[in-house]
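In what follows, a single structure is set out as structure tokens and then discussed.
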Amino acid sequence: MTLFTLSPDVAKAKAAGQPIVALESTIITHGMPYPQNVEVARQVEATVRENGAVPATIAVLNGELLIGLTDAQLEELATAKDVMKVSRADLPVCMATGRIGATTVAATMIAAHMAGISVFATGGIGGVHKGAEQSFDVSADLLEFAATPVTVVAAGAKAILDLPKTLEVLETHGVPVIAYGQDSFPAFWSATSEWAAPLRLDNPAQIAASHLKRGAMGLPGGQLVANPIPAEAEISAEVLAPIIEQATAEADAQGVSGKAVTPFLLGRILELTDGQSLKANIALVLNNARVASLIATEIAKEMAATQ
Ligand code: PSU
Ligand code: MN
């Protein structure tokens, strides 16, 4: 049974042992408006290439799980209607029914691992939502980190989430949360938060070494590398707090639940910040693509040396 299809570029890179960075697609279909979504997806791929790795954007088109998209496929996904938001639970259903699906962090980790890709770059991960003690809204992303051995570079988690509860769940599941180059756990639009990250590493080689050690020890699960947004692109927590509060209140009032919560909040915050949040989002995604490429390069070097 064919489970996935590698793009020609990704197949070539795999055969040559070149570093590859997986990229998710929910950020394209449910995280940003058209046409910025496809422009950003192209910029992210270019950044990966500039930093010495090969990009593999992951999505489902007509039921086919694609590891690496052509430019035409990227455009098709970015403009498609009725795209499924595909997490662990949805991926086989989306494939079995021939639909179009955009992969979340969890599903992208699963697909990357199946394709032998160790590193993945995104914007922010899903986490424990505010009010989770009532709603029980905890993203499947968190449990995926405990199960699937992929190192994910993200800018921490958004302030729409409950950051301390998100960190607690990751700790319970034995997920290494590694701040890159600082002590504080980054909060997506803000480089720092009031919470310290449990771990800190300052260079890509150490992150690669720790990824490989986990694998060699047979520990299931991956690593979360929390990479702060570049200082010049930050939006202060004070500016965002009332906007997040308003968006969250609207979601509650309108009874938004389940998978729809994160896209709803992201869309409202974009409107309420007049697009400022999108600019910051783009800057941090590009920065994550860069760091992920450096980590993937170190892993590829190490694998070549030990073969
Ligand atoms: N957080 C962001 N931007 C995003 C997402 C989360 O800041 O685009 C997307 C990612 O694809 C993530 C998914 O995996 O939303 C999590 O959705 P949920 O909270 O429904 O698990
Ligand atoms: Mn959820």
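The values are calculated or read from the model by the stated rules, or taken from the named source; none is laboratory data. All values derive from a computational prediction rather than experimental measurement. Positions of Cβ are backbone-derived with ideal geometry, glycine not excepted, and every protein chain shown enters the neighbour counts. Side chains are part of the model used for accessible areas, which takes the heavy atoms of the whole protein and leaves out ligands, DNA and RNA. Shrake-Rupley method; radii C 1.70, N 1.55, O 1.52, S 1.80 Å.
Hey, does region 221-238 have a residue that's crowded, with 17+ Cβ neighbours inside 10 Å and out of contact with any Phe, Trp or Tyr (no Cβ under 9 Å at 6 or more places or on another chain)? There is no residue in region 221-238 that is crowded, with 17+ Cβ neighbours inside 10 Å and out of contact with any Phe, Trp or Tyr (no Cβ under 9 Å at 6 or more places or on another chain).
For region 126-149, the criterion of being under 15 Å from the mean Cα position of the chain (by Cα), away from ligand 1 (no atom under 15 Å from the Cβ) and open to solvent by 30 Å² or more (accessible area, probe 1.4 Å) is met by at least one residue. Residues of region 1-25 that are in a helix (DSSP H, G or I) and either open to solvent by 20 Å² or more (accessible area, probe 1.4 Å) or within 18 Å of K301 (Cβ to Cβ) (or both): P8, D9, A11, K12, A13, K14, A15, A16. For beta carbons closer than 6 Å, sequence separation of 6+ or different chains, a first residue in region 120-145 that is closer than 23 Å to H211 by Cα and a second that is part of a strand (DSSP E or B) and open to solvent by 20 Å² or more (accessible area, probe 1.4 Å), there are no qualifying pairs.
Let's see how each residue does on (1) touching a residue at least 24 places away in the same chain (Cβ under 8 Å); (2) under 24 Å from A147 (Cα atoms):
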{"residue": "G215", "(1), (2)": "yes, yes"}
{"residue": "A237", "(1), (2)": "yes, no"}
{"residue": "Q254", "(1), (2)": "no, no"}
{"residue": "D274", "(1), (2)": "no, no"}
{"residue": "A292", "(1), (2)": "yes, yes"}
{"residue": "A300", "(1), (2)": "yes, yes"}
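Of all residues in region 52-72, none are open to solvent by less than 20 Å² (accessible area, probe 1.4 Å), more than 16 Å from ligand 2 (Cβ to nearest atom), modelled with pLDDT of 95 or more and assigned to a helix (DSSP H, G or I). Annotation for region 15-27: no member residue is more than 20 Å from the chain's Cα centre (by Cα) and of a type in the set (D, E). Close contacts from region 8-19, counting a first residue that is modelled with pLDDT of 95 or more and a second that is assigned to a loop (DSSP other than H, G, I, E, B), with Cβ to Cβ under 7 Å and a gap of 6+ residues or different chains, come to D9/G68; V10/G68; K14/G116; P19/G52; P19/A53. For region 115-125, the candidate set comprises residues that are of a type in the set (G, A, S) and near ligand 1 (Cβ under 7 Å from one of its atoms); within that set, the residue that is most open to solvent (accessible area, probe 1.4 Å) is G124.
Among the residues of region 169-209, those identified as under 14 Å from A159 (Cβ atoms), of a type outside the set (A, V, I, L, M, F, W, C) and crowded, with 18+ Cβ neighbours inside 10 Å are S184, P186, S190, T192, S193. Listed conditions (1) within 13 Å of ligand 1 (Cβ to nearest atom); (2) part of a loop (DSSP other than H, G, I, E, B); (3) surrounded by fewer than 20 Cβ atoms within 10 Å (Cβ to Cβ) are all met by L278, apart from (2). Report yes if some residue within region 96-104 is out of contact with any strand residue (DSSP E or B) (no Cβ under 8 Å at 6 or more places or on another chain), open to solvent by 40 Å² or more (accessible area, probe 1.4 Å), in a helix (DSSP H, G or I) and more than 30 Å from P198 (Cα to Cα); otherwise report no. Yes: region 96-104 contains one or more residues that are out of contact with any strand residue (DSSP E or B) (no Cβ under 8 Å at 6 or more places or on another chain), open to solvent by 40 Å² or more (accessible area, probe 1.4 Å), in a helix (DSSP H, G or I) and more than 30 Å from P198 (Cα to Cα). For region 171-181, the criterion of a residue being out of contact with any Cys (no Cβ under 8 Å at 6 or more places or on another chain), in contact (Cβ under 8 Å) with a residue 24 or more places away in the chain, within 13 Å of ligand 1 (Cβ to nearest atom) and under 15 Å from G124 (Cβ atoms) is satisfied by no position.
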